[in-house]
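One structure follows; several queries about it will come next.
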Amino acid sequence: MYEYYLKDIEKMEGTNGFNAVSTFSGAGGSCMGLKLAGFNVLWANEFIPAAQEVYKMNHKNTILDKRDIRTINYKEILNKCNLKQGELDLFEGSPPCAAFSIAGKGDKCWGKVKKYSDTKQRVDDLFIEYARLLKGLKPKMFITENVDALGHKQNKTYFNTIYSHLANCGYTVKAYILNSMFYNVPQKRKRLFFIGTRNDLNIVPNAPDPNNNIITVKQAIPFYKKYVHEELNINPKTKAYTLLKYAQRHKLDNLGTACKKLYNKNSYFTYNICQEHKVSPTLIVGSPLFHEYYPRPVSIPEAKRLQTFPDDYRLSGTYQKQWERIARSVPPRMMEALATKIKQTLEGV
(Lines give C-alpha, C1' and ligand atoms only; values in the text may rest on other atoms or scores of the structure.)
Protein backbone atom coordinates (compact mmCIF):
# COMPACT_ATOMS: atom_id res chain seq x y z
CA MET A 1 0.00 0.00 0.00
CA TYR A 2 2.81 2.43 0.86
CA GLU A 3 4.95 1.63 -2.17
CA TYR A 4 3.17 1.54 -5.52
CA TYR A 5 3.60 2.87 -9.03
CA LEU A 6 1.72 4.31 -11.99
CA LYS A 7 1.65 0.87 -13.62
CA ASP A 8 -0.39 -0.42 -10.67
CA ILE A 9 -3.02 2.26 -11.32
CA GLU A 10 -3.11 1.46 -15.03
CA LYS A 11 -3.99 -2.14 -14.14
CA MET A 12 -6.95 -0.99 -12.00
CA GLU A 13 -8.32 1.81 -14.20
CA GLY A 14 -11.64 0.92 -15.84
CA THR A 15 -12.02 -2.47 -14.15
CA ASN A 16 -15.25 -1.79 -12.22
CA GLY A 17 -17.37 -0.92 -15.27
CA PHE A 18 -18.27 2.62 -14.14
CA ASN A 19 -17.35 5.96 -15.75
CA ALA A 20 -16.39 9.18 -14.01
CA VAL A 21 -15.79 12.82 -14.92
CA SER A 22 -13.62 15.12 -12.79
CA THR A 23 -13.50 18.91 -12.31
CA PHE A 24 -10.95 21.05 -10.43
CA SER A 25 -8.69 18.06 -10.97
CA GLY A 26 -5.43 19.69 -9.91
CA ALA A 27 -2.42 17.40 -10.10
CA GLY A 28 -4.74 14.40 -10.26
CA GLY A 29 -4.98 13.10 -6.69
CA SER A 30 -8.75 12.52 -6.82
CA CYS A 31 -8.55 10.95 -10.28
CA MET A 32 -5.78 8.65 -9.05
CA GLY A 33 -8.06 7.49 -6.24
CA LEU A 34 -10.98 6.94 -8.63
CA LYS A 35 -8.76 4.84 -10.87
CA LEU A 36 -7.46 2.81 -7.93
CA ALA A 37 -11.11 1.96 -7.19
CA GLY A 38 -11.57 0.81 -10.80
CA PHE A 39 -13.32 3.83 -12.34
CA ASN A 40 -12.65 4.90 -15.91
CA VAL A 41 -12.00 8.67 -15.72
CA LEU A 42 -13.13 9.86 -19.14
CA TRP A 43 -12.70 13.64 -18.86
CA ALA A 44 -11.11 16.10 -16.45
CA ASN A 45 -10.90 19.87 -16.11
CA GLU A 46 -8.10 21.99 -14.64
CA PHE A 47 -7.52 25.73 -15.01
CA ILE A 48 -4.04 26.23 -13.45
CA PRO A 49 -1.26 25.75 -16.07
CA ALA A 50 1.28 24.20 -13.66
CA ALA A 51 -1.32 21.68 -12.48
CA GLN A 52 -2.34 20.94 -16.08
CA GLU A 53 1.25 20.01 -16.89
CA VAL A 54 1.46 17.57 -14.00
CA TYR A 55 -1.94 16.08 -14.75
CA LYS A 56 -1.07 15.39 -18.39
CA MET A 57 2.20 13.68 -17.41
CA ASN A 58 0.38 11.17 -15.20
CA HIS A 59 -3.10 10.74 -16.74
CA LYS A 60 -2.44 10.17 -20.42
CA ASN A 61 -5.68 8.27 -21.08
CA THR A 62 -7.96 11.01 -19.71
CA ILE A 63 -9.17 13.97 -21.80
CA LEU A 64 -8.01 17.19 -20.11
CA ASP A 65 -10.03 20.36 -20.69
CA LYS A 66 -7.94 23.42 -19.73
CA ARG A 67 -10.66 26.08 -19.81
CA ASP A 68 -12.18 28.06 -16.96
CA ILE A 69 -15.11 25.96 -15.73
CA ARG A 70 -17.38 29.00 -16.11
CA THR A 71 -17.05 28.68 -19.91
CA ILE A 72 -17.83 24.96 -20.13
CA ASN A 73 -21.23 23.60 -21.16
CA TYR A 74 -22.36 20.19 -19.93
CA LYS A 75 -23.25 19.15 -23.49
CA GLU A 76 -19.59 19.52 -24.47
CA ILE A 77 -18.58 17.09 -21.75
CA LEU A 78 -21.19 14.54 -22.80
CA ASN A 79 -20.12 14.79 -26.44
CA LYS A 80 -16.46 14.27 -25.55
CA CYS A 81 -17.36 11.24 -23.43
CA ASN A 82 -19.86 9.83 -25.95
CA LEU A 83 -22.58 9.80 -23.30
CA LYS A 84 -26.18 10.93 -23.08
CA GLN A 85 -27.64 13.01 -20.27
CA GLY A 86 -28.12 10.80 -17.20
CA GLU A 87 -25.73 8.05 -18.33
CA LEU A 88 -22.65 9.23 -16.42
CA ASP A 89 -22.06 7.22 -13.26
CA LEU A 90 -20.02 9.66 -11.14
CA PHE A 91 -19.27 13.40 -11.26
CA GLU A 92 -16.36 14.46 -9.02
CA GLY A 93 -14.85 17.82 -8.12
CA SER A 94 -12.96 19.78 -5.45
CA PRO A 95 -13.47 23.53 -5.93
CA PRO A 96 -10.66 25.70 -4.46
CA CYS A 97 -11.17 26.28 -0.75
CA ALA A 98 -8.94 29.19 0.34
CA ALA A 99 -11.87 31.44 1.30
CA PHE A 100 -13.22 28.84 3.74
CA SER A 101 -10.07 27.48 5.39
CA ILE A 102 -9.21 28.32 8.98
CA ALA A 103 -6.13 30.12 7.69
CA GLY A 104 -8.20 32.06 5.17
CA LYS A 105 -10.33 35.15 5.67
CA GLY A 106 -13.77 33.57 5.29
CA ASP A 107 -16.53 35.79 3.95
CA LYS A 108 -14.15 38.79 3.67
CA CYS A 109 -12.91 37.21 0.43
CA TRP A 110 -16.32 36.37 -1.03
CA GLY A 111 -17.02 37.97 -4.39
CA LYS A 112 -13.42 39.18 -4.82
CA VAL A 113 -10.73 38.24 -7.31
CA LYS A 114 -7.74 36.99 -5.33
CA LYS A 115 -4.40 35.34 -6.05
CA TYR A 116 -4.75 31.58 -6.34
CA SER A 117 -1.68 29.49 -7.24
CA ASP A 118 -0.22 31.00 -10.44
CA THR A 119 -3.35 32.99 -11.35
CA LYS A 120 -5.90 35.45 -10.01
CA GLN A 121 -9.52 34.44 -9.89
CA ARG A 122 -12.69 34.50 -7.85
CA VAL A 123 -13.12 31.17 -6.06
CA ASP A 124 -16.16 31.42 -3.79
CA ASP A 125 -18.58 30.92 -6.71
CA LEU A 126 -16.98 27.74 -8.04
CA PHE A 127 -19.28 25.40 -6.11
CA ILE A 128 -22.15 27.07 -7.95
CA GLU A 129 -20.44 26.37 -11.26
CA TYR A 130 -19.99 22.75 -10.21
CA ALA A 131 -23.72 22.56 -9.44
CA ARG A 132 -24.54 24.05 -12.84
CA LEU A 133 -22.71 21.23 -14.59
CA LEU A 134 -24.19 18.67 -12.20
CA LYS A 135 -27.70 19.76 -13.14
CA GLY A 136 -26.91 19.38 -16.84
CA LEU A 137 -25.01 16.10 -16.72
CA LYS A 138 -27.47 14.40 -14.33
CA PRO A 139 -25.01 11.67 -13.23
CA LYS A 140 -26.17 8.85 -11.00
CA MET A 141 -23.92 10.05 -8.18
CA PHE A 142 -21.59 12.93 -7.35
CA ILE A 143 -18.88 13.63 -4.80
CA THR A 144 -17.37 17.03 -4.07
CA GLU A 145 -14.77 17.99 -1.47
CA ASN A 146 -13.63 21.03 0.51
CA VAL A 147 -11.89 21.92 3.76
CA ASP A 148 -13.74 20.90 6.91
CA ALA A 149 -13.93 24.57 7.97
CA LEU A 150 -16.69 24.99 5.38
CA GLY A 151 -18.87 23.17 7.91
CA HIS A 152 -17.91 25.53 10.75
CA LYS A 153 -20.26 28.13 12.21
CA GLN A 154 -18.70 31.13 10.48
CA ASN A 155 -19.34 29.52 7.09
CA LYS A 156 -22.84 28.22 7.86
CA THR A 157 -24.58 30.51 5.36
CA TYR A 158 -22.34 29.44 2.52
CA PHE A 159 -22.56 25.76 3.54
CA ASN A 160 -26.35 25.94 3.39
CA THR A 161 -26.20 27.71 0.03
CA ILE A 162 -23.98 24.99 -1.45
CA TYR A 163 -26.11 22.23 0.03
CA SER A 164 -29.27 23.76 -1.42
CA HIS A 165 -27.75 24.20 -4.89
CA LEU A 166 -26.65 20.56 -4.95
CA ALA A 167 -29.95 19.22 -3.64
CA ASN A 168 -31.98 21.38 -6.04
CA CYS A 169 -30.22 19.69 -8.94
CA GLY A 170 -32.34 16.64 -8.11
CA TYR A 171 -30.19 14.81 -5.57
CA THR A 172 -30.31 13.30 -2.11
CA VAL A 173 -27.28 14.89 -0.46
CA LYS A 174 -25.29 13.99 2.65
CA ALA A 175 -22.32 15.90 4.07
CA TYR A 176 -19.50 14.14 5.92
CA ILE A 177 -16.39 15.43 7.66
CA LEU A 178 -13.75 12.72 7.30
CA ASN A 179 -10.15 12.48 8.48
CA SER A 180 -7.73 10.88 6.02
CA MET A 181 -5.85 9.09 8.83
CA PHE A 182 -8.80 6.67 9.05
CA TYR A 183 -8.70 5.95 5.32
CA ASN A 184 -5.25 4.48 4.66
CA VAL A 185 -3.38 7.80 4.68
CA PRO A 186 -0.49 8.46 7.15
CA GLN A 187 -1.64 12.06 7.65
CA LYS A 188 -4.15 13.99 9.74
CA ARG A 189 -6.24 15.75 7.12
CA LYS A 190 -9.87 16.64 7.79
CA ARG A 191 -12.05 17.35 4.77
CA LEU A 192 -15.74 17.87 4.14
CA PHE A 193 -17.35 15.74 1.43
CA PHE A 194 -20.78 16.23 -0.13
CA ILE A 195 -21.99 12.93 -1.59
CA GLY A 196 -25.20 12.75 -3.61
CA THR A 197 -27.41 10.20 -5.36
CA ARG A 198 -29.95 11.14 -8.02
CA ASN A 199 -33.46 11.23 -6.54
CA ASP A 200 -34.95 8.71 -8.97
CA LEU A 201 -32.52 6.05 -7.69
CA ASN A 202 -34.06 6.19 -4.19
CA ILE A 203 -30.74 5.50 -2.47
CA VAL A 204 -29.22 7.39 0.48
CA PRO A 205 -25.51 8.13 -0.11
CA ASN A 206 -23.12 6.91 2.57
CA ALA A 207 -19.45 7.48 3.35
CA PRO A 208 -17.11 4.53 3.94
CA ASP A 209 -16.67 3.38 7.51
CA PRO A 210 -13.41 4.53 9.11
CA ASN A 211 -10.82 1.88 9.82
CA ASN A 212 -8.53 1.73 12.84
CA ASN A 213 -5.44 0.65 10.92
CA ILE A 214 -3.61 3.88 11.63
CA ILE A 215 -0.44 4.26 9.56
CA THR A 216 2.55 6.04 11.09
CA VAL A 217 5.15 8.01 9.19
CA LYS A 218 7.71 5.25 9.81
CA GLN A 219 5.39 2.62 8.37
CA ALA A 220 4.70 4.70 5.28
CA ILE A 221 8.31 5.85 4.83
CA PRO A 222 10.71 3.13 6.04
CA PHE A 223 13.61 5.23 4.71
CA TYR A 224 12.54 8.33 6.68
CA LYS A 225 15.37 8.28 9.24
CA LYS A 226 18.02 7.34 6.67
CA TYR A 227 17.12 9.68 3.80
CA VAL A 228 19.70 12.48 3.84
CA HIS A 229 18.77 15.37 1.53
CA GLU A 230 21.28 18.12 2.22
CA GLU A 231 20.12 20.25 -0.72
CA LEU A 232 17.03 21.13 1.33
CA ASN A 233 18.91 22.08 4.49
CA ILE A 234 17.82 25.47 5.81
CA ASN A 235 20.30 28.26 6.51
CA PRO A 236 21.84 27.74 9.97
CA LYS A 237 21.93 31.52 10.45
CA THR A 238 18.12 31.82 10.41
CA LYS A 239 15.73 31.87 13.32
CA ALA A 240 13.84 28.94 11.84
CA TYR A 241 17.00 26.83 12.04
CA THR A 242 17.49 27.68 15.71
CA LEU A 243 13.86 26.85 16.48
CA LEU A 244 13.97 23.61 14.52
CA LYS A 245 17.11 22.34 16.25
CA TYR A 246 15.63 23.21 19.65
CA ALA A 247 12.34 21.47 18.77
CA GLN A 248 14.15 18.37 17.52
CA ARG A 249 16.34 18.19 20.61
CA HIS A 250 13.34 18.46 22.95
CA LYS A 251 11.02 16.24 20.86
CA LEU A 252 8.55 19.06 20.18
CA ASP A 253 6.07 18.74 17.31
CA ASN A 254 5.85 22.44 16.44
CA LEU A 255 8.26 25.35 15.96
CA GLY A 256 5.71 27.62 17.62
CA THR A 257 6.17 25.78 20.90
CA ALA A 258 9.92 26.24 20.59
CA CYS A 259 9.46 29.95 19.84
CA LYS A 260 7.31 30.38 22.94
CA LYS A 261 9.88 28.64 25.14
CA LEU A 262 12.95 30.40 23.68
CA TYR A 263 11.58 33.89 22.98
CA ASN A 264 8.21 33.99 24.76
CA LYS A 265 6.56 34.89 21.43
CA ASN A 266 3.52 33.39 19.74
CA SER A 267 4.86 32.74 16.26
CA TYR A 268 5.76 29.87 13.88
CA PHE A 269 2.73 27.81 14.96
CA THR A 270 1.99 26.72 11.37
CA TYR A 271 5.48 25.16 11.17
CA ASN A 272 5.01 21.55 12.23
CA ILE A 273 7.44 18.66 12.60
CA CYS A 274 6.75 15.27 11.04
CA GLN A 275 7.53 12.65 13.71
CA GLU A 276 8.10 9.09 12.54
CA HIS A 277 6.17 7.29 15.30
CA LYS A 278 3.05 9.42 14.75
CA VAL A 279 0.67 10.26 11.93
CA SER A 280 1.91 13.21 9.90
CA PRO A 281 0.40 16.67 10.37
CA THR A 282 -1.55 18.09 7.41
CA LEU A 283 0.48 19.06 4.37
CA ILE A 284 -0.29 22.75 3.79
CA VAL A 285 0.51 25.01 0.85
CA GLY A 286 2.90 27.75 1.95
CA SER A 287 3.76 26.20 5.33
CA PRO A 288 6.81 23.94 5.58
CA LEU A 289 6.57 20.57 7.29
CA PHE A 290 9.93 19.90 8.90
CA HIS A 291 11.83 16.65 9.29
CA GLU A 292 12.23 15.10 12.73
CA TYR A 293 15.96 14.42 12.46
CA TYR A 294 17.48 16.65 9.76
CA PRO A 295 17.59 20.47 9.46
CA ARG A 296 15.32 20.50 6.45
CA PRO A 297 11.69 20.35 5.37
CA VAL A 298 10.12 17.08 4.29
CA SER A 299 11.33 16.13 0.81
CA ILE A 300 9.14 15.55 -2.24
CA PRO A 301 9.62 11.72 -2.20
CA GLU A 302 8.59 11.75 1.46
CA ALA A 303 5.63 14.04 0.75
CA LYS A 304 4.40 11.67 -1.96
CA ARG A 305 4.25 8.86 0.61
CA LEU A 306 2.46 11.07 3.16
CA GLN A 307 -0.15 12.03 0.57
CA THR A 308 -0.23 8.45 -0.86
CA PHE A 309 0.86 9.29 -4.40
CA PRO A 310 2.73 6.64 -6.41
CA ASP A 311 6.50 6.82 -5.96
CA ASP A 312 7.00 7.50 -9.66
CA TYR A 313 4.29 10.17 -9.92
CA ARG A 314 5.77 12.89 -12.11
CA LEU A 315 5.98 16.49 -10.90
CA SER A 316 7.50 19.63 -12.40
CA GLY A 317 8.91 22.96 -11.29
CA THR A 318 10.68 24.05 -8.14
CA TYR A 319 10.43 22.32 -4.78
CA GLN A 320 7.77 24.87 -3.78
CA LYS A 321 5.70 24.17 -6.92
CA GLN A 322 5.94 20.42 -6.46
CA TRP A 323 4.95 20.77 -2.80
CA GLU A 324 1.95 22.89 -3.82
CA ARG A 325 0.74 20.27 -6.30
CA ILE A 326 0.93 17.55 -3.64
CA ALA A 327 -0.49 19.62 -0.76
CA ARG A 328 -3.51 20.84 -2.77
CA SER A 329 -4.48 17.29 -3.73
CA VAL A 330 -7.01 14.92 -2.25
CA PRO A 331 -4.93 11.95 -1.03
CA PRO A 332 -5.44 9.20 -3.65
CA ARG A 333 -5.92 6.44 -1.06
CA MET A 334 -8.59 8.47 0.72
CA MET A 335 -10.46 9.01 -2.54
CA GLU A 336 -10.02 5.31 -3.31
CA ALA A 337 -11.90 4.46 -0.09
CA LEU A 338 -14.70 6.89 -0.96
CA ALA A 339 -14.86 5.72 -4.58
CA THR A 340 -15.01 2.08 -3.51
CA LYS A 341 -18.05 2.89 -1.36
CA ILE A 342 -19.62 4.74 -4.30
CA LYS A 343 -18.95 1.74 -6.56
CA GLN A 344 -20.78 -0.48 -4.08
CA THR A 345 -23.70 1.94 -4.08
CA LEU A 346 -23.82 2.02 -7.89
CA GLU A 347 -23.79 -1.76 -8.03
CA GLY A 348 -27.05 -1.70 -6.10
CA VAL A 349 -28.79 0.55 -8.65
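The values are calculated or read from the model by the stated rules, or taken from the named source; none is laboratory data. Just so it is clear, the model here is predicted, and its values are computed rather than measured. Using ideal geometry, Cβ is built from the backbone for each residue, glycine included, and neighbour counts are taken over all protein chains shown.
When R191 is evaluated against the numbered criteria (1) closer than 25 Å to H277 by Cα; (2) touching a residue at least 40 places away in the same chain (Cβ under 8 Å); (3) assigned to a loop (DSSP other than H, G, I, E, B), which criterion, by number, is the only one it fails?
(3)
Scan segment 45-95 for residues that are β-branched (V, I, T) and over 21 Å from the mean Cα position of the chain (by Cα) and jot them down.
Start the filter on segment 45-95 by keeping residues that are β-branched (V, I, T), which leaves 48, 54, 62-63, 69, 71-72, 77.
Residues satisfying the conditions are T71, I72, I77.
Filter segment 74-88 down to the residues that are surrounded by 12 or more Cβ atoms within 10 Å (Cβ to Cβ), outside any loop (DSSP other than H, G, I, E, B) and touching a residue at least 40 places away in the same chain (Cβ under 8 Å) and list them by number.
Selection gives Y74, I77, L78, C81.
Scan K265, K260, K239, K304 and give me the residue that is without any contact (Cβ under 8 Å) to a residue 24 or more places away in the chain and within 15 Å of the chain's Cα centre (by Cα).
Values: K265 fails: within 15 Å of the chain's Cα centre (by Cα); K260 fails: within 15 Å of the chain's Cα centre (by Cα); K239 fails: within 15 Å of the chain's Cα centre (by Cα).
Result of the check over K265, K260, K239, K304: K304.
Among (1) outside any loop (DSSP other than H, G, I, E, B); (2) farther than 23 Å from G286 by Cα; (3) modelled with pLDDT under 95, where does D107 come up short?
(2)
Residues are listed down the side, and each one gets a yes or a no for (1) of a type outside the set (F, W, Y); (2) buried (at least 16 other Cβ atoms within 10 Å of the Cβ); (3) part of a loop (DSSP other than H, G, I, E, B); (4) more than 27 Å from the chain's Cα centre (by Cα):
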residue	(1), (2), (3), (4)
V204	yes, no, yes, no
N211	yes, no, yes, no
Q219	yes, yes, no, no
Y224	no, yes, yes, no
Y246	no, yes, no, yes
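Next question, about the same structure. Could you tell me how many of the residues in segment 301-339 are crowded, with 18+ Cβ neighbours inside 10 Å and not in a loop (DSSP other than H, G, I, E, B)? Steps first, answer last, please.
Step one: filter segment 301-339 for residues crowded, with 18+ Cβ neighbours inside 10 Å, giving 302-310, 313, 315, 322-339.
Then keep just the ones that are not in a loop (DSSP other than H, G, I, E, B); that gives 302-306, 322-327, 332-339.
Adding up the residues that qualify gives 19.
Right, here's the next one. If you scan segment 121-161, which residues turn out to be in a helix (DSSP H, G or I) and under 25 Å from N19 (Cα atoms)? Steps first, answer last, please.
Of segment 121-161, the ones in a helix (DSSP H, G or I) are 126-137, 148-151, 153-161.
Matches in segment 121-161: L126, F127, I128, E129, Y130, A131, R132, L133, L134, K135, G136, L137.
Sort out which residues of segment 286-300 are outside any loop (DSSP other than H, G, I, E, B) and either surrounded by fewer than 21 Cβ atoms within 10 Å (Cβ to Cβ) or out of contact with any strand residue (DSSP E or B) (no Cβ under 7 Å at 6 or more places or on another chain) (or both), and write them in order of number.
As a first pass, look at segment 286-300 and keep what is outside any loop (DSSP other than H, G, I, E, B): 287, 289-291, 297, 300.
Result: S287, I300.
Give me the pairs, please: first residue somewhere in segment 269-282 and in contact (Cβ under 8 Å) with a residue 12 or more places away in the chain, second residue anywhere and among the aromatic types (F, W, Y), beta-carbon distance under 8 Å, and either six or more positions apart or on two chains.
Y271/F290; N272/F290; I273/F290; C274/F290; E276/Y224
What residue, of Y183, Y130, Y171, is buried (at least 17 other Cβ atoms within 10 Å of the Cβ) and over 22 Å from the mean Cα position of the chain (by Cα)?
Working: Y183 fails: over 22 Å from the mean Cα position of the chain (by Cα); Y130 fails: over 22 Å from the mean Cα position of the chain (by Cα).
Going through Y183, Y130, Y171 in turn, just one is buried (at least 17 other Cβ atoms within 10 Å of the Cβ) and over 22 Å from the mean Cα position of the chain (by Cα): Y171.
Output the residues belonging to segment 12-61 that are farther than 21 Å from E324 by Cβ and of a type in the set (S, T, N, Q).
Residues of segment 12-61 that are farther than 21 Å from E324 by Cβ, as a first pass: 12-21, 34-43, 60-61.
Answer for segment 12-61, where residues must be farther than 21 Å from E324 by Cβ and of a type in the set (S, T, N, Q): T15, N16, N19, N40, N61.
Moving on. Against the condition in the same structural domain as E145 (by TED's automatic domain parsing) and surrounded by fewer than 20 Cβ atoms within 10 Å (Cβ to Cβ), how does K190 come out, does it pass?
Details: in the same structural domain as E145 (by TED's automatic domain parsing): yes; surrounded by fewer than 20 Cβ atoms within 10 Å (Cβ to Cβ): yes.
Considered against the rule, which asks whether it is in the same structural domain as E145 (by TED's automatic domain parsing) and surrounded by fewer than 20 Cβ atoms within 10 Å (Cβ to Cβ), K190 comes out as yes.
If K343 passes every condition in (1) out of contact with any helix residue (DSSP H, G or I) (no Cβ under 7 Å at 6 or more places or on another chain); (2) outside the structural domain of F142 (by TED's automatic domain parsing); (3) touching a residue at least 12 places away in the same chain (Cβ under 8 Å) but one, which one does it miss?
(2)
Restrict the check to segment 308-319 and report whether at least one residue is within 22 Å of H250 (Cβ to Cβ) and of a type in the set (A, V, I, L, M).
Of segment 308-319, the ones within 22 Å of H250 (Cβ to Cβ) are none.
No, that holds for no residue.
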